[in-house]
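Below is one structure, written out as structure tokens; comments come after it.
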Amino acid sequence: MAEARLDQLARLWDEFMTLRFPPGFYQREPQGSCMVMMDTTLAGCVASAMDGPLDGRNRDLLQARTAALGEILPSIRDDEYATKYFAHLHGMAVLATELDHARRE
């Protein structure tokens, strides 16, 4: 089961790497969250999850930032591209969490 999640995550990652960061979100901080830092942190955790099981620190970061981004998504619906970008990032983060959990079972 972990292998199927890894394959799906790799496909999503390849798609994500073709997307550019939403230009309006370099300075915009919905709910007080720096979206550049959100992007960097989650992308780093996703990349680490693709390489193998996460350590406790990265697992905690992934879970906390995934939850925070899930709460932010409804508030950025005014920007269609940003919504697509961050929803894609959120989906990868959820899948990375599932992959990490499956590997530890």
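Helix 56-72 axis versus longest C-alpha principal axis of the chain: approximately 40°, rounded to the nearest ten.
Exposure check, 1.4 Å probe, all protein chains in place: ASP55 carries approximately 80 Å² of accessible surface.
Would you mind calculating the gained length between SER33 and ASP51 on full extension (0.36 nm times residue separation, minus the Cα-Cα distance), in nm to one decimal?
Details: separation 18, 0.36 × 18 = 6.48 nm, distance 2.72 nm.
Result: 3.8 nm gained on full extension.
Largest first, the residues ARG57, ARG11, ARG28 sort by 1.4 Å accessible area into ARG57, ARG11, ARG28.
Angle of helix 80-104 to the longest C-alpha principal axis of the chain, folded into 0 to 90 degrees and rounded to 10: 20°. Mean projected area of the convex hull spanned by the Cα atoms of the chain, taken over all viewing directions: 6.2 nm².
In the chain, the longest principal axis of the Cα atoms and the axis of helix 2-16 are about 30 degrees apart.
Calculated [222 nm] ellipticity per residue, helices only, for the chain: -24000 deg cm²/dmol; basis is -39500 (n - 2.57) per DSSP H run with n ≥ 4, divided by all residues, nearest 500.
Taking all protein chains together and a 1.4 Å probe, the residues SER33, SER75 rank SER75, SER33 from largest to smallest accessible area. In the context of the full protein assembly, LEU61 retains an accessible surface of approximately 50 Å², using a probe radius of 1.4 Å and ignoring ligands and nucleic acids. Evaluating 6.51 cos²θ - 1.76 cosθ + 1.60 at θ = phi - 60° for every residue in the stretch 34-45, the Karplus couplings come out as 6, 6, 5, 5, 4, 4, 4, 5, 5, 4, x, 5 Hz, glycine and proline recorded as x.
Neighbours of PHE25, meaning other residues whose beta-carbon lies under 10 angstrom from its beta-carbon, give a summed charge of -2 when Lys and Arg score +1 and Asp and Glu score -1.
At a 1.4 Å probe radius, which order do CYS34, CYS45 fall into by accessible area, largest first? The partial results should precede the final answer.
Values: CYS34 55, CYS45 5 Å².
The ranking, largest first, comes out as CYS34, CYS45.
Full extension of the chain between GLN63 and ALA102 yields a length gain of 12.6 nm, computed as 0.36 nm times the residue separation minus the alpha carbon distance.
Explain nothing, just the number: dipole magnitude of the stretch 1-52 about its Cα centre with +1 on each Lys and Arg Cβ and -1 on each Asp and Glu Cβ, in debye rounded to the nearest 20. Don't skip to the answer; put the middle values down first.
Details: 4 positive and 7 negative charges, 39 e Å.
It comes to approximately 180 debye.
Expressed as a whole percent, the accessible surface of the chain that belongs to carbon and sulfur atoms is 51, based on a 1.4 Å probe.
The values are calculated or read from the model by the stated rules, or taken from the named source; none is laboratory data. Worth saying up front: this structure is predicted, and the values here are computed from it rather than measured. Virtual Cβ from ideal backbone geometry, glycine too; neighbours counted across all protein chains shown. Only protein heavy atoms, including side chains, enter the accessible area calculation; ligands, DNA and RNA are left aside. Shrake-Rupley method; radii C 1.70, N 1.55, O 1.52, S 1.80 Å.
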